[in-house]
Amino acid sequence: MAAPRLEIDLDKIYHNAHALVSRLAERGISVTGVTKAALGSVEIANTLLQAGVISLGDSRIENIKAMRLATENPLINNAMFLLIRSPMLSQIAQVIQYADISCNTEVEVIKKLSDEAHKQGRTHQILLMVELGDLREGILPENLIDTVRKVLSLPNILLKGIGTNLACRSGVAPDATNMAVLSELAELIETTFDLTLDIVSGGNSANIQWALNDTQTDTGRVNNLRLGEAILLGCEPLQRQAIDGLYTDAFTLVTEVIESKSKPSQPTGTIEQSAFGETTAVTDRGIVAQAILAIGIQDIDPSGLQAPAGIEVLGASSDHLIIEPAENELLVGDEVCFQLNYSALVRAMTSPFVSKTYTSRQDTPLTYSFNKNGLQP
């Protein structure tokens, strides 16, 4: 088989997604499956829908378009797509054409969505994103009511709900306090404008600890989470701890050895910056075994690789990964497998030089839907 490649176990992704959908349904929370790390993979999107997510979310309209055009897949054809990054003005027409809902913070953008939706004869739904401390996207709470008033006056726009995003830029953890603020803001909007918000989206995979905390079962008005890393890698992003009962190895990176030699452990000559602006101090350990793999920083984040026991990652350039095997000498043509963190996965999935292979033993996975009564087969 071709290398480098990602071996993707759809059964494990299905298990993770279904487990989280089920557990969160008990708290009245639905799941939007986030596909941005998967580069809009139709196989992964289909698996998430089979597992019971109510919608698919992606930050790139190009990925949503690719999934939309997978016309041979009935589940995806009928799926609801959420653009989870604020639309660019240069892509407004595509957003209206391919996304059902988009996350928004700027009235100017929503006005353009309104104009384009009118042109296309569509109604576009929006989530207004609220700033609750992480200082990425979001409307300040004190400006939210005025923004809602302006949005409600726009034709062809439906205010579907509000949401927030935490832990992405500054690492602010979702907790009872900021989630309570989001619930209060939802109720304030509903009281002020005499309407009902269908979606109150509390955040991303970083919300798992809060949402599934056994000591606190009241999730307020929050009824949706947008999950990517928790499903794909089976861990929560705050401390990268594995989530109980989930697989952390749904993705395996397989690489190929292109050189295997014994070399000095310390470079010789005047040391300046490397190709990526780094300077590294190396301890002289004499002659060591060294192998080079045909993959590099262009394709993966080397710091996000978990090497097999007995192998140490020494460094990388744009298209070489240098490792040191502890005992057994690697031969040219041998394959070395790695597990990946989110950073390494995103880069590998988006690299055209890393092939993707999918495996599944499920013939007919169950399909679930989510309603006010919880998860329904």
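When you check residue 282 against the structure, is it more than 28 Å from the chain's Cα centre (by Cα), part of a loop (DSSP other than H, G, I, E, B) and under 27 Å from residue 8 (Cβ atoms), yes or no? I'd like the intermediate steps shown before the answer.
On the way: more than 28 Å from the chain's Cα centre (by Cα): yes; part of a loop (DSSP other than H, G, I, E, B): yes; under 27 Å from residue 8 (Cβ atoms): no.
Against the criterion (more than 28 Å from the chain's Cα centre (by Cα), part of a loop (DSSP other than H, G, I, E, B) and under 27 Å from residue 8 (Cβ atoms)), residue 282 does not qualify.
Residues in the range 325-362 that are farther than 22 Å from residue 311 by Cα, part of a loop (DSSP other than H, G, I, E, B), among the small types (Gly, Ala, Ser) and more than 19 Å from the chain's Cα centre (by Cα): 1 in all. The set of residues in the range 107-125 being closer than 23 Å to residue 199 by Cα, in contact with a helix residue (DSSP H, G or I) (Cβ under 7 Å, 6 or more places away or on another chain) and not in a loop (DSSP other than H, G, I, E, B) consists of 107, 109, 110, 112, 113, 117, 124.
The set of residues in the range 307-324 being outside any strand (DSSP E or B) and over 20 Å from residue 249 (Cβ atoms) consists of 317, 318, 319, 320.
Candidates 128, 185, 132, 166: the one that is surrounded by 20 or more Cβ atoms within 10 Å (Cβ to Cβ) and closer than 24 Å to residue 21 by Cβ is 166.
Among the residues of the range 45-70, those identified as crowded, with 19+ Cβ neighbours inside 10 Å, within 16 Å of the chain's Cα centre (by Cα) and not aliphatic (A, V, I, L, M) are 46, 47, 55, 57, 58, 63.
Within the range 75-131, track down each residue that is among the hydroxyl-bearing types (Ser, Thr, Tyr) and farther than 25 Å from residue 142 by Cβ.
Selection gives 90, 98, 123.
Can you find a residue that is over 24 Å from the mean Cα position of the chain (by Cα), of a type in the set (Asp, Glu) and part of a strand (DSSP E or B) anywhere in the range 248-257? Scanning the range 248-257, I find at least one residue that is over 24 Å from the mean Cα position of the chain (by Cα), of a type in the set (Asp, Glu) and part of a strand (DSSP E or B), so the answer is yes.
If you take the residues in the range 1-41 that are within 20 Å of residue 198 (Cα to Cα) and either of a type in the set (Val, Ile, Thr) or assigned to a loop (DSSP other than H, G, I, E, B) (or both), which one is nearest to the chain's Cα centre (by Cα)? Checking each candidate, the answer is 34. If only residues of the range 206-247 that are assigned by TED's automatic domain parsing to the domain that holds residue 43, in a loop (DSSP other than H, G, I, E, B) and of a type in the set (S, T, N, Q) are counted, the one that is surrounded by the fewest Cβ atoms within 10 Å (Cβ to Cβ) is 215.
Can you tell me which residue among 3, 99 is in contact with an Asp or Glu (Cβ under 7 Å, 6 or more places away or on another chain) and among the aliphatic types (A, V, I, L, M)?
Working: 99 fails: in contact with an Asp or Glu (Cβ under 7 Å, 6 or more places away or on another chain).
Going through 3, 99 in turn, the sole match is 3.
The values are calculated or read from the model by the stated rules, or taken from the named source; none is laboratory data. The shown structure was predicted, so the numbers you read here are calculated from the model rather than taken from an experiment. Every residue, glycine among them, receives a Cβ derived from its backbone with ideal geometry; neighbour counts consider all protein chains shown.
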